[in-house]
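In what follows, a structure is listed as structure tokens, so that the remarks can point back to it.
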Amino acid sequence: MAVPISQMWTVASYVLRKRLSGQKRYPLVLMLEPLFRCNLACAGCGKIQYPAHILKRDLSPEECFRAVEECGAPMVSIPGGEPLMHPQIGEIVQGLVARKKYIYLCTNALLLKEKIDLFKPSKYLTFSVHLDGQREHHDFSVCREGGYDKAVEGIREAVKRGFRVTTNATLFDGADPNSVRAFFDEVMAMGVEGIVISPGYSYDKAPDQKHFLGRARTRRLFRAILSNREKHWKFNMSPLFLEFLMGKRNYQCTPWGNPAYNIFGWQKPCYLLQDGYASTFAELMETTVWEEYGTESGNPKCANCMVSCGYEPSAVNDMFGSFSGFMSAVRATLFDKYEDHGARDLLNAPQLAGLGGSSPSLVQIAGDAQRQPEETRV
């Protein structure tokens, strides 16, 4: 597991303090969106479909710092949009580092080489670079030829300068597990700290609504990808969350674990759903009817979600909040091969190997039939 000891200790001590105080709902990662605009138009994204006057708006550094202090989470993820397009992103990151927050700046890296002098290497700052797979697959996913090569240039420059760098891949229906595994080899060879992966979520505004994974297909896909692992693969994620994706664990969603703050305020109930906004973090926590969200709630918007922002906090709470969870995480870290002969067979299964195994795509935008993702609760 490619997470520094200092970061793990910060999160573990934070979780223990919250549990000892009797607090049941608390944030782990603040999803801080300082803008929605982007220099890409990915088919699976629902964040850039706002009108122009909304896309022009930014959060000020002061608004960002106030949200961080109000929330109190030990980690801050800065998605978007494309954060490197924010005119004051250097000042925002510098302020968060000064507050000793562990920051994941999520970027497509098209501007990373140009903007990198705005930042200084720090254990508190990680560039989380969006790469959805190998060159052909990534470029198709982000609808931009040459996007992969540009992102890799940024990754190599950041690694060379001593920055922490991870890659972040979102997988959709049609993903070829063999290609994804080869992609893991490629990014580890670039010198990144670790890999982050998650199934896609069906944003209402996303242009492509056909290729979001249902829960059963998610488990089959991630079982094929994550079983029989290569030793050099490192994941910058909770090992128990990876087991959840593989179908080895069952967690309930904790939507308050990764609260979202953007130009509209505190988004209810989470980073993925927009059911209104609160003006303060306290209002978000007190007025959101949390029981109406998550798979167990019966809410159709949540039926197929297995995304990290809802379920990795559940895994982290399990890992640091109970002895059994901690020992499970230790075993998952020490014995991370996950040998599975059935999963090897899945690597050649036509339903998981893209278009019958020939020239597969991580995201297949074109298609004839509308298909609803299946729900599987078990």
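The values are calculated or read from the model by the stated rules, or taken from the named source; none is laboratory data. Owing to the predicted nature of the structure, the values given are computational and were not obtained by experimental measurement. Heads up, the Cβs are rebuilt from the backbone with ideal geometry, glycines too, and the neighbour counts pull from every protein chain shown. Note: areas computed on protein heavy atoms with side chains; ligands, DNA, RNA excluded. Shrake-Rupley method; radii C 1.70, N 1.55, O 1.52, S 1.80 Å.
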Of the listed pairs Lys100/Lys150; Lys120/Lys160; Lys18/Lys101; Lys234/Lys268; Lys123/Lys160, which have alpha-carbon separations greater than 24 Å here? Lys100/Lys150; Lys234/Lys268
Given a 1.4 Å probe and every protein chain left where it sits, what share in percent of the accessible area of the range 1-71 is carbon and sulfur? 59 percent
For the range 129-287, what's the relative contact order in percent, using C-alpha pairs closer than 8 Å and at least 6 residues apart? 16 percent
Based on the Cβ-Cβ distance from Lys123 to Ser297, what FRET efficiency comes out when R0 is 51 Å, to the nearest 0.05? 0.85
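Got the relative contact order for the chain handy, in percent, Cα pairs under 8 Å and 6 or more residues apart?
20 percent
Taking only C-alpha pairs under 8 Å that are 6+ residues apart, what is the relative contact order of the range 117-175 in percent? Can you show the working numbers first?
On the way: 57 pairs, mean separation 29.0, N = 59.
With pairs under 8 Å counted, the relative contact order is 49 percent.
Any chance you could run the full-extension gain for Glu69 through Val289? It's 0.36 nm times the residue separation minus the Cα-Cα distance, nm to one decimal.
Numbers: separation 220, 0.36 × 220 = 79.20 nm, distance 2.35 nm.
Net length gain for the segment: 76.8 nm.
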If one puts a single equal scatterer on every Cα of the range 15-87 and applies the Debye formula without solvent, what log₁₀ I(q)/I(0) results at q = 0.12, 0.13, 0.23, 0.27 Å⁻¹? -0.43, -0.49, -1.01, -1.22
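Please compute the length gained on full extension between Phe326 and Asp345, using 0.36 nm multiplied by the number of residues separating them and subtracting their Cα-Cα distance.
Result for the pair: 3.7 nm of gain on full extension.
Given the C-alpha atoms of the chain, compute the convex hull and give its volume per residue in Å³.
Working: hull volume 49.2 nm³, N = 378.
About 130 Å³ per residue, rounded to a whole number.
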The long-range amide H neighbours of Ile197, using H built 1.01 Å from N in the peptide plane and a cut-off of under 5 Å, are Ala169
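Given the Cα-Cα distance of Asp185 and Asp149 and 0.36 nm per residue of separation, how much length would full extension add, in nm?
Working: separation 36, 0.36 × 36 = 12.96 nm, distance 1.61 nm.
Length gained between Asp185 and Asp149: 11.4 nm.
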Spin-label model distance (nm) - Phe335 vs Glu91, 7 Å beyond Cα toward Cβ: 5.4 nm
In nm, spacing of pseudo-spin labels at Leu55 and Glu114 (7 Å Cα→C-beta vector): 1.6 nm
Diagonalise the Cα gyration tensor of the range 41-119 and give the resulting equivalent ellipsoid semi-axes, square root of 5 times each eigenvalue, largest first, whole Å. 22, 16, 12
May I ask for log10 I(q)/I(0) of the range 1-149 at q = 0.09, 0.14 Å⁻¹, from a Debye sum over the Cα atoms as equal point scatterers with solvent left out? -0.32, -0.76
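Where nothing but the Cβ of Lys and Arg (+1) and of Asp and Glu (-1) is charged, how large is the charge dipole of the chain around its Cα centre, in debye to the nearest 20?
Values: 44 positive and 41 negative charges, 175 e Å.
Roughly 840 debye for the chain.
Tell me, what is the per residue accessible area of the chain in Å², probe radius 1.4 Å? All intermediate terms of the calculation are to be shown ahead of the outcome.
Details: 15780 Å² over 378 residues.
Spelled out: the 1.4 Å probe surface of the chain, per residue, equals 42 Å².
How large is the helix-only mean residue ellipticity at 222 nm for the chain, computed as the sum of -39500 (n - 2.57) over DSSP H runs with n ≥ 4, divided by its residue count, in deg cm²/dmol to the nearest 500?
Numbers: 14 runs with 138 residues, N = 378.
Here the helix-only value at 222 nm equals -10500 deg cm²/dmol.
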Accessible surface of the range 101-207 [probe 1.4 Å, protein heavy atoms]: carbon and sulfur percent: 46 percent
Given a Förster radius of 41 Å and the C-beta distance between Glu230 and Thr280 as r, what FRET efficiency does 1/(1 + (r/R0)^6) yield to the nearest 0.05? 0.35
Using DSSP to call loops (not H, G, I, E or B), can you name the GluC sites (Glu not before Pro) in the range 241-300 whose Cβ has at most 12 other Cβ atoms within 10 angstrom? none
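Of all DSSP beta bridges in the chain, what percent run antiparallel (nearest 5)? Could you put the intermediate results ahead of the total?
On the way: 6 of 32 bridges.
The answer is about 20 percent antiparallel.
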Counting every Cα pair in the range 224-355, what percent are over 24 Å apart? 42 percent
